[in-house]
Amino acid sequence: MLQTLNFDRLEEKVYYEVLENGLQVFVLPKPGFRKTYATLTTRFGSIDCRFCVENGDVVELPDGIAHFLEHKMFAEEEGDVFFRFAQQGASANAFTSFNRTAYLFSCTDRVKENLLTLLDFVQRPYFTDESVEKEKGIIGQEIRMYDDDPDWQVYFGLLQSMYVHHPVRIDIAGTVESIARINKELLYQCYETFYHPSNMLLFVVGQIEPQQVMEWVRENQARKRFAPPTRVTRLYPEEPLGVAERERRRTLPVAVPKLMFGFKEPQILSGEPLLRRQCGTELALEALFGTGSELYQQLYDENLIDDDFGYQATEEDTYAFSTVGGETPEPDRLLEIVREYLRRRIQEGIDEDVFERVRRKKIGAFLRSLNVLEFIANQYTSYRFNGTDLFAVLPMLEQMTVEAVNRRLRDHLTPERMVVSIVEPTRPS
Amino acid sequence: MAVQPLGWFQTVACDGLRVHIFPTRQFKTVTCVLTVQVPLAERTVTPTAMLAQVLQRGSSKYPTIREMKQYLDHLYGATFHVDVDKRGERQVLQLYLDLPHEKFVPGERELLEKAIAFLSEVLLHPLLEDEDRFVARHVEAGRIALRRKIEGIIDDKIQYAQYRCVSEMCRNEPYRLLPYGRLEDLPAIEAAGLYRHYRRLLADSQMDLFVVGDVREEQVVSLVEKHLSLPSRHVQLPPASGEFPPVENVRRVVEEMDVMQGKLNMGLRTGGLTLASTDYPALMMYNGLLGGFPHSKLFRNVREEASLAYYAFSRLESLKGLLLIQTGIEVDNYEKAVDIVQKQLNMMRQGDFTPLEMEQTKAMLMHHLREVYDRTGSLIDFAFRGLIANMRQKPDELMERIAVVNKDDIQRVAEKIQMDTIYFLRNRRQQKEAGAYVADVEL
């Protein structure tokens, strides 16, 4: 049954249905846009490297296998599916994150063909020993590219300081050594376990007619046979509340040091409480570290930051943390200022004026993000997987109070759970 | 759903400023971009870059960064930045402002007027000392920020290799310059001289304002007349492409650094073909067949067939007439990768591409041109590049020109494409001295 969710104030209306095989389908018409963008996403990411199925043994996978599988899905018996998409004028791609893998295309023509191509190639694995070996060279170069990328290195340095055991500390692509262990059989095993329709979500947004899109998808899915869904238990190691280490430093051939600091959230949430906490954290971070904050002005005046200085709050249903940082000529001086500032601000909290200013800013940023179809599809899926709704962000921001944000500030920005990661320039020898 | 014929920017000549307005209800925000265009030149590149730094640090009404940012936060988190960019051999100082449409924020009125007034405030009423100079402290901060930007190019190795390839290739042309200017000019810039430069720029540069969103043309024009009145001017700029120097040798440059991955960048000349050329659609087809997409020759052969790289693509600098190839490889595979790329270039010259490849490439180009209509930023960018090349056309019109490109057209373009520079960033060799070395190789 096709159902609808209305968000009148935003002038948005979402159509959705759960198909018989368990696939969740969401459609958002965007009149005026020429483009249609679709994502087919599975809840399988780099952190899902240990699991067991009902009555089965524990399975351990090599690091990087979710990402490897993503690369190999594009291979079809008759060749690479990129060629088909190109012929149909669609730009196709995929990405793997910590907790999901998304396959996507955008097109401005032949929507039906492209949508069915997406469903068909993701639901039809084709791996050979030879093509798996060949992919190791390509992914090896992807890993090397990230080895040289200071922003990536400072980010993973931070996660490694923050987490003792949780696999979010492991690089999404794995290592050259870990991917060497991947073979065709392991890929099929991952596929069978995590690519069942009941573990996946299709989101289509653009110039489309919802009833018609739903019709195409229903018909396509009805023609395919799937095994009954099995219950998969993902096994994450027990993660201590505290951090692994206070600080991590490494050197790379860069001109300007990169600094990132962050706060580990010990408690994990989902659904409405997750959304509430995320909005609260973002408002707190904006108030303390945003471009209109006292700190930003001071750091800017002392030439310690550039306009790349920023923050991010990550809320997922198995990990949550925030990060703040950017380039700075003097990471230690900047940290000293931040620590002193936090001591003071956490005690004092923020006042009603600051709260109102940062809330307005967040509302504006949210509206702006709805201009972008790619953002809507990817974020809608992510919020759904976390048991909540992207379009609920606006009412949640409107409900927030200065007291809630001040509580968040004290709970989240605690010195005991603060970690630091720095990439320093290689000293000339 | 039938596709409605879409509008395009309407241009209105106001005093000293061309205003380009695209009314549409497609977006939840209104985007305003004000551009100031000057020729890219050694003498002025650094002061102009410095202006972007100084203007964003304070105006007479909002004298500190904090006051400026807090005002923008109150405008529902308007996104605002001032920066400099390079478009062909033009340096562009740009003020970008994007803010929610007032219909989505209850109780809010006149947001568009506030936006235009804010752009005017930042551009025309900067914070001064003694009425004839910028604030020395802001100039000093700008100097530090620019130094960091210029030196920091090296931090992103993909971007650095690209910059190095282009600057070797265009070492005798203004195009070698970074839009942020030159390190050696920074110490001499001072507050009074910079203010004189600013006055000159305001008096005689080409200025354009683009507005996209749910706005009415006459509403925008009357707000511009109220807030952004400028002395009228008649601007004649040299062509943005600059010269087209002949290629005599292929120049090979190797640079060593502590990196894990080698970056192979190749710079080619299009033989004078640019966005303004009749054969530009054929040049787009050439680039698409060679390396613009995942179905293209470079991706297929360097990545999929030979497993040498994760990324391998080509792109056009359409205002300058360059074609740039980029890939990241294992250092030992340098010769192998160069050979494969050369082979693809030869195939293009010999017309060794199939009707299927052409069909795929056309379909992809059409898709990307239609997509231009779906983002305010890409709409403005497309229109602006057209103005610079003096080639006013809608994406739809360019699509019609691409549709009729045939194999002969592409081969004619292929004849003109010439390898100019091969740049390789690699890891350090143990015994040798580090640093760059250059060899010119006879064709």
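Observations on the model:
- Efficiency of FRET between B:GLU113 and A:GLN312 - r from beta-carbon atoms, R0 41 angstrom, step 0.05: 0.80
- Chain B: Cα Rg divided by the 2.2 N^0.38 Å rule of thumb: 1.06
- Neighbouring Cβ atoms from other chains, within 10 Å of the Cβ of residues in A:134-147, number 6 on average.
- From phi via Karplus (6.51, -1.76, 1.60), per-residue ³J(HN,Hα) for segment B:38-51 in Hz, x at Gly/Pro: 9, x, 6, 8, 3, 5, 10, 4, 6, x, 5, 4, 5, 4
- By the Cα gyration tensor, segment B:250-441 has an equivalent ellipsoid whose semi-axes, rounded to whole angstrom, run 32, 18, 16 from largest to smallest.
- Applying Stokes-Einstein at 20 °C and 1.002 mPa s to the Kirkwood radius of segment A:302-429, computed over alpha-carbon pairs, gives a translational diffusion coefficient of 123 µm² s⁻¹.
- Where only alpha carbons of segment B:51-157 are counted, the Rg and the Dmax (Å): 15.8, 48
- Counts of other chain beta carbons within 10 angstrom of each beta carbon in peptide A:355-367 average 6.
- Shielding of A:386-397 by partner chains, average beta-carbon count, 10 Å: 0
- Listed from fewest to most Cβ neighbours within 10 Å, the set A:GLU113, A:GLU11, A:GLU352 follows the order A:GLU352, A:GLU11, A:GLU113.
- Stokes-Einstein D (µm²/s) once Rh is taken as the Kirkwood radius of segment A:146-273 over alpha-carbon pairs, at 10 °C in 1.306 mPa s: 82
- Taking Lys and Arg as +1 and Asp and Glu as -1, the other residues whose beta-carbon sits under 11 Å from that of B:PHE9 total +1.
- Amide H contacts under 5 Å for A:MET200: A:GLN24, restricted to partners 5 or more places along the chain or on a different chain, H placed in the peptide plane at 1.01 Å from N.
- Using only side-chain charges placed at the Cβ, +1 for Lys and Arg and -1 for Asp and Glu, the dipole size of the protein assembly as shown relative to its Cα centre rounds to 700 debye.
- Helix B:136-151 vs. chain B, principal-axis angle (Cα, 0 to 90°, nearest 10): 20
- Separation of alpha-carbon centers, segment B:1-65 and segment B:143-177, rounded to whole Å: 25
- Convex hull volume per residue for chain A, taking Cα atoms only, in Å³: 159
- Residue pairs exceeding 20 angstrom between C-alpha atoms, taken from B:LYS86/B:LYS320; B:LYS28/B:LYS394; B:LYS297/B:LYS320: B:LYS28/B:LYS394; B:LYS297/B:LYS320.
- Take the Cα of B:THR354, step 7 Å toward its Cβ, do the same at B:GLU305, and the gap between the two points is 1.3 nm.
- Estimated FRET transfer efficiency (B:ALA403, A:GLU133; beta-carbon r; R0 35 Å; 0.05): 0.25
- When +1 charges are put on Lys and Arg Cβ atoms and -1 charges on Asp and Glu Cβ atoms, the dipole computed for chain A relative to its Cα centre reaches about 560 debye.
- Extreme residue, positive dipole direction of the protein assembly as shown, given options A:LEU275, B:HIS20, A:LEU10 (C-beta unit charges): B:HIS20
- For segment A:3-234, the Kirkwood radius over C-alpha pairs fed into Stokes-Einstein at 37 °C and 0.692 mPa s yields D = 172 µm² per second.
- Most positive-pole-ward Cα, B:VAL404, B:ILE417, B:ASN427, against dipole of segment B:388-431 from beta carbon charges: B:ASN427
- Each Lys or Arg adds one and each Asp or Glu subtracts one; over the other residues with Cβ under 14 Å from the Cβ of A:LEU235, this totals -3.
- With N as its number of residues, segment A:19-123 has a Cα radius of gyration that, divided by 2.2 N^0.38 Å, comes to 1.22.
- With Cα atoms, 0 to 90° folded angle of helix B:111-124 axis to chain B main axis: 80
- Cα-Cα pairs of segment B:10-227 separated by more than 32 Å (percent): 23
- Stretched out straight at 0.36 nm per residue, the stretch from A:ASP353 to A:LEU241 would grow longer than its current Cα-Cα span by 36.9 nm.
- Gyration tensor verdict on segment A:192-242 (Cα atoms; rounded if a/c is under 1.5, prolate if a/b is larger than b/c, oblate otherwise): oblate
- Solvent-free Debye scattering, log10 I(q)/I(0), computed from the Cα coordinates of segment A:231-360 at q = 0.19 Å⁻¹: -1.22
- Three-way shape label, the protein assembly as shown, alpha-carbon gyration tensor, a/c 1.5: rounded
- Förster radius 35 Å - calculated FRET efficiency between A:THR414 and A:ASP301, Cβ distance, rounded to 0.05: 0.80
- Prolate/oblate/rounded label for segment A:75-118 (Cα gyration tensor, a/c 1.5): oblate
- For segment A:247-425, size of Cβ-based charge dipole, Lys and Arg +1, Asp and Glu -1, in debye: 380
- Helix B:65-74 and the longest principal axis of the Cα set of chain B meet at an angle near 80°.
- A protection proxy built from the mean count of other Cβ atoms within 10 Å ranks the segments B:116-125, B:84-93, most packed first, as B:84-93, B:116-125.
- Listed peptides B:24-32, B:10-18, B:133-141 by packing density, highest first (mean Cβ within 10 Å): B:24-32, B:133-141, B:10-18
- Protection proxy ranking of B:107-114, B:408-415, A:45-52, by the mean of other Cβ atoms within 10 Å over each peptide's residues and highest first, is A:45-52, B:408-415, B:107-114.
Computed from the coordinates by the stated procedures, all read-outs in this text should not be read as laboratory data. Since the model is a prediction, treat every value here as computed from it, not as a measurement. So basically every Cβ, Gly included, is an ideal-geometry build from the backbone, and we count neighbours across all protein chains shown.
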